[in-house]
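Derivation of every value follows stated rules applied to the coordinates shown; laboratory data play no part. Fair warning: this is a prediction, and the values are worked out from it, not measured in the lab. Quick reminder, even Gly has a Cβ in these numbers, built from the backbone with ideal geometry, and neighbours come from all protein chains shown.
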Amino acid sequence: MKATAVAPSNIAFIKYWGKKKGKEAERLPANGSISMNLSNLATTTTVAFSKKYKKDSILWNGKKPRERSFQRVIRHLDRIRELGKISERARVVSINNFPHGTGLSSSASGFAALTVAGSGAANLQLSQKGMSILARRASGSACRSIPSGFTEWLDADSSDESYAVSIFPPDHWNIIDIVAITKKDEKEISSTEGMSRAETSPFFEQRLKKMNKKITDCKKYIKAKNFTSFGNLIEQEAIEMHTVALTSNPPLIYWYPETVLVMKAVQQWRKDGLESYFTINTGHNLHIITEAKNQSNVIKELQEIKAVREIIANKPALGARIIEKHLF
Ligand code: PMV
């Protein structure tokens, strides 16, 4: 009754920001989304269920998580116990190899790893679709960290059809996500809370009208490896999602001055012939997307910016999977 899984974080190219009305508890998104799994941002988690445990215990990077995160993990363990018809308490040990709560989607990798390890420990025998649905119930974007490579979270009206599929394997396209960390401060407003305000923005309804076309175009550009069209689309999409956040009531400003500094630098590099595009999730750190041939030049440019404290380059990666090496 013990299993360990590793799961990647992912970067959304077409983003999930807002849920369908009345389907908030099931985490059914207002629109479909597209992302890529990241090779160097990962969570490893071991889960064991046993009669010898008197209560659930969770260690996350060596510490007990804060109450809100702790309760969220317990709720997910309860979902797993319910599906597995078991009542044993759990021991969970988890390690993240990157800062959490800073816009690098640690809840995606964290809940994908918890889902796969927990299902293994409870012997649930879920299909990849079932695993993606279960992960989604804990954290929306986690469902996209289950399948491999480039993934699409399908737009659907019911919980059992709202899951992610692989649209291209990791080796389909040699693009790189260079994460530029300017600050490790945790964001004050979580994605769940932030997106609950989405529909107060006057631009939200407008945004929704265009999402199907964005998804179709994004898939077309990935398939054709059309980097210029793809890059322009994803940068515009990131700014649009943040515009909804900025114009929500009360407004949400996730960016810091350092965020805008790097955004402007990326646009300048483009003018100078170094093609790269930025995207930003909930938070202030940036993901800079470029082709593999430009990776070292983008890193060199980032190293020149004082505000950039850490750089993590990622290739497209496999999805969540069981590994043999347990953490306890
Ligand atoms: O799944 P959550 O609750 O972490 O929300 C993810 C929100 C964004 O990262 C901004 C967009 C996305 O699709 O990943």
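Right, Glu258: over 25 Å from Ala142 (Cα atoms) and touching a residue at least 60 places away in the same chain (Cβ under 8 Å) or not?
So Glu258 passes the test.
Consider the stretch 223-273. How many of its residues are of a type in the set (Phe, Trp, Tyr) and closer than 20 Å to Val298 by Cα?
Qualifying residue count for the region: 3.
In the stretch 178-203, which residues are of a type in the set (A, V, I, L, M, F, W, C), surrounded by 18 or more Cβ atoms within 10 Å (Cβ to Cβ) and away from the ligand (no atom under 14 Å from the Cβ)?
If the condition is that a residue be of a type in the set (A, V, I, L, M, F, W, C), surrounded by 18 or more Cβ atoms within 10 Å (Cβ to Cβ) and away from the ligand (no atom under 14 Å from the Cβ), then Ile178, Ala180, Ile181 are the ones that fit.
Just name the residue that is nearest to the ligand (Cβ to nearest atom) out of those in the stretch 224-282 that are among the small types (Gly, Ala, Ser) and assigned to a loop (DSSP other than H, G, I, E, B).
Here the residue is Ser248.
Checking the condition of a type in the set (A, V, I, L, M, F, W, C), buried (at least 17 other Cβ atoms within 10 Å of the Cβ) and in contact with a helix residue (DSSP H, G or I) (Cβ under 9 Å, 6 or more places away or on another chain), which residue from Ile253, Ile222, Ile239, Ile215 passes?
The unique qualifying residue is Ile222.
Quick test for you: out of Ser148, Ser127, pick the one residue that is away from the ligand (no atom under 15 Å from the Cβ), closer than 22 Å to Ala3 by Cβ, among the polar types (S, T, N, Q) and without any contact (Cβ under 8 Å) to a residue 60 or more places away in the chain.
Ser127 is the lone residue from the list that is away from the ligand (no atom under 15 Å from the Cβ), closer than 22 Å to Ala3 by Cβ, among the polar types (S, T, N, Q) and without any contact (Cβ under 8 Å) to a residue 60 or more places away in the chain.
I'm told Pro99 meets every condition in (1) without any contact (Cβ under 8 Å) to a residue 60 or more places away in the chain; (2) within 16 Å of the ligand (Cβ to nearest atom); (3) farther than 20 Å from Cys143 by Cβ except one. Can you identify the failing condition by its number?
Failed condition: (1).
Being touching a helix residue (DSSP H, G or I) at 6+ places or on another chain (Cβ under 9 Å), more than 16 Å from the ligand (Cβ to nearest atom), part of a helix (DSSP H, G or I) and on the phi < 0 side of the Ramachandran plot is true for just one of Ser119, Ser107. Which residue is that?
Ser119
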